[in-house]
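K.L.:
I'd like to ask you about the structure that follows.
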Amino acid sequence: MPASMRFAIVFTLLAAWTAPSSARAVGLMPGGRFEVGPVRLDLSQGVRSGLISLRNNESDVARVQVSAFAWSQGPHGEVRLAPTQAVAFFPSLFALAPGQTRQIRVGVEARAGKTEKTFRLIIAELPPLRATPVVNGVRVLTRLSIPIFVAPVSGSAQVRLSHLALSRGHVSFALGDTGQVHLMTERVRVLGSDAAGNVIFKADQPAWYLLAGGDRLYDLALPKNLCPRLTSIDVVARTDHGTVSKSHPMSAPQCG
């Protein structure tokens with residue numbers, strides 16, 4: 001096979017993580033194949049289905065496969081997906097001509113409970129039926145991950161910052177949601193101050209969805225050159241349900 005015909009398949013994962021106020025917005029990856037909207041679905045006992053529109057922005061036919069999974073989070077915010085029969089969708093496999101838009105109907109069979117239910121709809125571009133030459137030798141396949149939230153009968157989000165500790169030059173803490181629905185962390189920042197009260201260290205940590213009842217664990221190594229000068233550490237987490245903060249005194253021996 002000529003070198004120009006050989007190609008590797010690379011998946012680009014777009015995990016929609018817009019704030020709740022953008023629920024009806026259209027998400028578009030710059031220069032990407034697909035335009036999709038909305039970028040998330042908010043369902044409830046009264047609204048148990050919705051539509052997602054997918055448009056092919058490229059000049060060739062796109063083959064698309066749709067699947068659904070139950071969504072949970074690992075201790076460091078990683079996405080965990082598990083097979084589920086609670087989400088129904090149609091169509092599951094189709095082709096999109098250049099410039100064509102197709103609607104995917106999504107419904108959730110699970111009834112509202114005491115805690116919000118969370119799922120992800122995966123829209124994956126499939127490899128072409130025939131291999132075509134690729135200039136740089138790599139063909140990029142788009143993979144969209146659309147969050148689906150099923151509201152509980154009642155409840156709200158409640159942010160909690162806990163377990164702030166310093167040991168061997170590391171700062172660790174947990175950010176949790178003790179409520180019944182998810183929240184969005186907008187910014188998680190660690191600040192270090194010296195004896196004069198001057199902030200000499202600042203680091204932003206990953207911020208994303210925080211699902212109901214979950215905790216995300218953080219662990220940050222302090223710069224070795226600054227650690228002995230730090231006398232206090234502050235953690236400030238800003239979310240769409242309020243801001244929480246904690247402070248911890250620090251001494252040189254904690255630099256390890």
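The values are calculated or read from the model by the stated rules, or taken from the named source; none is laboratory data. This is a predicted model, so every value here is computed, not measured. Reconstructed Cβ throughout: ideal geometry from the backbone, glycine too, with neighbour counts over all protein chains shown.
K.L.:
May I ask you to verify whether residue 121 is surrounded by 16 or more Cβ atoms within 10 Å (Cβ to Cβ), at pLDDT 95 or above and not β-branched (Val, Ile, Thr)?
P.N.:
Details: surrounded by 16 or more Cβ atoms within 10 Å (Cβ to Cβ): yes; at pLDDT 95 or above: yes; not β-branched (Val, Ile, Thr): yes.
Answer is yes for this residue.
K.L.:
Still on this structure, I have one more. Taking the condition of being under 16 Å from residue 142 (Cβ atoms) and either surrounded by 15 or more Cβ atoms within 10 Å (Cβ to Cβ) or touching a helix residue (DSSP H, G or I) at 6+ places or on another chain (Cβ under 7 Å) (or both), how many residues in the stretch 75-100 meet it?
P.N.:
Qualifying residue count, the stretch 75-100: 2.
K.L.:
Tell me the residue from 220, 230, 211, 191 that is over 28 Å from residue 178 (Cβ atoms), touching a strand residue (DSSP E or B) at 6+ places or on another chain (Cβ under 6 Å) and not assigned by TED's automatic domain parsing to the domain that holds residue 118, please.
P.N.:
Values: 220 fails: over 28 Å from residue 178 (Cβ atoms); 211 fails: over 28 Å from residue 178 (Cβ atoms); 191 fails: over 28 Å from residue 178 (Cβ atoms).
Selected residue: 230, the only one of 220, 230, 211, 191 that is over 28 Å from residue 178 (Cβ atoms), touching a strand residue (DSSP E or B) at 6+ places or on another chain (Cβ under 6 Å) and not assigned by TED's automatic domain parsing to the domain that holds residue 118.
K.L.:
Does the stretch 152-166 hold any residues that are surrounded by fewer than 18 Cβ atoms within 10 Å (Cβ to Cβ) and farther than 22 Å from residue 244 by Cβ, and which are they?
P.N.:
Within the stretch 152-166, 153, 154 qualify.
Okay, residues lined up against (1) among the hydroxyl-bearing types (Ser, Thr, Tyr); (2) within 21 Å of residue 234 (Cβ to Cβ); (3) touching a residue at least 60 places away in the same chain (Cβ under 8 Å):
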site	(1), (2), (3)
153	no, no, yes
159	no, yes, yes
176	no, yes, no
181	no, no, yes
186	no, yes, yes
194	no, yes, no
198	no, yes, no
204	no, yes, no
208	no, no, yes
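K.L.:
Something else now. Going by the conditions given, is residue 189 surrounded by fewer than 17 Cβ atoms within 10 Å (Cβ to Cβ) and more than 29 Å from residue 72 (Cβ to Cβ)?
P.N.:
Details: surrounded by fewer than 17 Cβ atoms within 10 Å (Cβ to Cβ): yes; more than 29 Å from residue 72 (Cβ to Cβ): no.
No; evaluated as a whole, the condition is false for this residue.
K.L.:
Please find, among 219, 215, 240, the residue that is surrounded by fewer than 14 Cβ atoms within 10 Å (Cβ to Cβ) and within 30 Å of residue 120 (Cβ to Cβ).
P.N.:
Step by step, each of 219, 215, 240 is checked, and only 219 is surrounded by fewer than 14 Cβ atoms within 10 Å (Cβ to Cβ) and within 30 Å of residue 120 (Cβ to Cβ).
K.L.:
Given the options 46, 50, 37, 31, name the one that is closer than 30 Å to residue 205 by Cα, modelled with pLDDT of 50 or more and not assigned by TED's automatic domain parsing to the domain that holds residue 239. I'd like the intermediate steps shown before the answer.
P.N.:
On the way: 46 fails: closer than 30 Å to residue 205 by Cα; 50 fails: closer than 30 Å to residue 205 by Cα; 31 fails: modelled with pLDDT of 50 or more.
One residue alone meets the criteria, 37.
K.L.:
Only residues that are part of a loop (DSSP other than H, G, I, E, B), under 22 Å from residue 212 (Cα atoms) and over 16 Å from the mean Cα position of the chain (by Cα): list them for the stretch 44-89, please.
P.N.:
44, 45, 46, 47, 48, 84, 85, 86
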